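The values are calculated or read from the model by the stated rules, or taken from the named source; none is laboratory data. Given the structure is predicted, the values throughout are model-derived calculations rather than measurements. Counting neighbours? That spans all protein chains shown, and the Cβs are built from the backbone with ideal geometry, glycine included. These accessible areas exclude ligands, DNA and RNA; they are computed on the full protein's heavy atoms, side chains included. Shrake-Rupley method; radii C 1.70, N 1.55, O 1.52, S 1.80 Å.
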Amino acid sequence: MEPPNAAHPAVTAITAAVRASLEDLVATAVQDIWDQVPAYSGSGDERLREDVTRHVRAIFEVFLAGLPGGRRARRSDFRMTREQATRRVEQGITLADFLQAFRIGQITLWHGVLAAAGDDPEARDAALAAVAQIMGVIEVGSTVAAEAYVEAQQLAVAESDRLRRDLLEDLLARRASFAGPKRALLRASGLGPDTRLLVTTAVLAGDQSDEHALRDAAAVPQGGAAAAVAGLRRACAGLRQRGIALAAGVGTVRTGLSEVADAYAEARIARNGLGAAPGVLALPLLTSLDYLVLRDDETARRLIRPEVRRFVDEDVAAGGALIATLVEFAASDLNAVAAAERLHLHVNTAYYRLDRIAERTGCDLRRLADVMELLIALRLLGAIAPRATPQAP
């Protein structure tokens, strides 16, 4: 069917009738959007309905401007759509909901055209020919809307990342007074002057450079530090399945924004304690001993007696049975029987292994100081991993 001619009386009549009922059509379209798209009716933005009303009216005007001469919609007709796409990103409306609302408006417009045509056969023909006009508005308008929305969304993400980065830099510089967007971001993150918080930093395993470090601060969840660390470990495990191996460190629980910088320094110590290995090392879950030997201290390693170093190197190469026995012996409060039970060994085997350790290291395993010396040497030489301690919520 040919597009309606500008001189056709039916086209002129439909255009006039739609324009006369324009405000009613706009109001109906807006109400249909609120009834059919939950994101709009559930929004708390007080300006949203006013914005949608302005946008619907502008789109209907694009249709009416092109109807008399059959002029197809052009991208330049949708300047307001670009503006409104940016507003929808700010208002939390998804792209799918934005485009659905756009289509609902055009359906309402089509019903208005049919109503304006009435029962007049010529007007009905003109109305049917106007379908192409409406489809053009939908096609071009939806394309402009989608492009503008994605562009605005990318800008919003970039701005949000910049704001988060700037805020974290301020906290690391020990600034504790914030206003505007930074204060809003703190509030949205649940961080305040008296908030118990954890700071974590992560890098790709093997890259200890702060230049590429990820840093974050978060309020301690109800389950305490242990729950937060467990969630971080799950996230790192998921990334590792996708080929991304992170080394992450977590500082101790702190209170208040003024302590973020100190918590970050602790998180770096923990992260560096992993060396080139992937994983999560959390200070709140370490023993005091493990923390004391966590730093990469070559001087401390040089102080390890040669016979102890030789014992560690040889037993690691042989599978670590003696080291495992020593660790369980210490964990069992120097009780060889309990250690044997935990290792599922005959008690005589446990005693034999302890005697071998004493013979090869020159240590008396009945003396706590000697046992501590061996445990520290094992940690400094990387023969045993840090032992976690229970963390209260």
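The table below gives the values:
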{"item": "Filter result (free of Cβ contacts under 8 Å to residues at least 60 places away in the same chain and touching a Ser or Thr at 6+ places or on another chain (Cβ under 7 Å)) within region 271-326", "result": "283, 307, 311"}
{"item": "Near pairs, Cβ below 6 angstrom, 6+ apart or cross-chain, from region 354-382 (farther than 18 Å from residue 333 by Cβ and modelled with pLDDT of 90 or more) to any residue that is among the charged types (D, E, K, R) and open to solvent by 30 Å² or more (accessible area, probe 1.4 Å)", "result": "361/307; 362/307"}
{"item": "Among (1) assigned to a loop (DSSP other than H, G, I, E, B); (2) in contact (Cβ under 8 Å) with a residue 12 or more places away in the chain; (3) open to solvent by 40 Å² or more (accessible area, probe 1.4 Å) - the single one residue 46 does not satisfy", "result": "(2)"}
{"item": "Residues satisfying the stated conditions in region 365-380, i.e. open to solvent by less than 50 Å² (accessible area, probe 1.4 Å) and either more than 17 Å from residue 302 (Cα to Cα) or in a loop (DSSP other than H, G, I, E, B) (or both)", "result": "365, 370, 371"}
{"item": "Any chance residue 136 is within 30 Å of residue 104 (Cα to Cα), open to solvent by less than 20 Å² (accessible area, probe 1.4 Å) and in contact with a Ser or Thr (Cβ under 8 Å, 6 or more places away or on another chain)", "result": "no"}
{"item": "Helices (runs of 4 or more DSSP H) wholly inside region 255-317 containing at least 2 residues that are surrounded by 15 or more Cβ atoms within 10 Å (Cβ to Cβ) and touching a Lys or Arg at 6+ places or on another chain (Cβ under 6 Å)", "result": "260-273"}
{"item": "Condition met for residue 170 (within 21 Å of residue 265 (Cβ to Cβ), at pLDDT 85 or above and more than 17 Å from the chain's Cα centre (by Cα))", "result": "yes"}
